[in-house]
1. Give me the three principal axis extents of the chain from the C-alpha atoms, as integers in angstrom, largest value leading.
2. With a bin width of 10 angstrom, please list the P(r) values of the stretch 63-138 as percents of all Cα-Cα pairs, from the 0 bin to the one holding the largest distance.
3. Share of Cα-Cα pairs in the stretch 1-67 beyond 18 Å, in percent?
4. Which residues in the stretch 75-118 have a backbone N closer than 20 Å to a point placed 7 Å from the Cα of S38 along the Cα-to-Cβ line?
5. Tell me the relative contact order for the stretch 92-138 as a rounded percent, counting alpha carbon contacts under 8 Å between residues six or more apart.
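What follows draws every value from the coordinates through simple rules; no lab data is involved. Owing to the predicted nature of the structure, the values given are computational and were not obtained by experimental measurement. In this analysis, Cβ positions are derived from the backbone assuming ideal geometry, glycine residues included, and neighbour counts consider all displayed protein chains.
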Amino acid sequence: MIEPEFRCGTAKAIQKLVKELNMPYEDWMQDWPYEVASPNEIDKYISYYRKLTEDDEKFVLMEAIIQATEDLNTDKLFEEYLSIIKHLLEDNFTIHQYTIYYWASFDNENIDDCWKISLFMRELFDVQQEKKLRISES
């Protein structure tokens, strides 16, 4: 398994999302999208994500969407939002491949010791890698 190139959010993208979505922000927030993501705001995040055209903004906002999904308190809601974000991640895989890889926690063999979204991310990452391989072989 080849780890994708590291990617992180840009200050410009973060500041735009802070302003547009009225999200909290402090300079000391090292993991900003994970720290401020709220499951109560997930519909707003997804709606705004669908309007975005800039890759860095999509990248940063998806990190918040994934964290908000991870923090949902019922399995039913978790499954519903997984279905929604699956399509967003598939459609924008090149933007989000490092994020998907990160949340897949491939470095931990015990899936029970990972985030609840990790199994989903592993499957998504593997399917997308297989697609890339088939395309490169044709």
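1. Computed over the chain, the largest-to-smallest principal extents equal 44, 32, 27 Å.
2. P(r) for the stretch 63-138, in whole percents per bin: 18, 51, 26, 5, 0.
3. 31 percent
4. Residues passing the 20 Å test: 77-78, 81.
5. Worked out over the stretch 92-138, it gives 36 percent.
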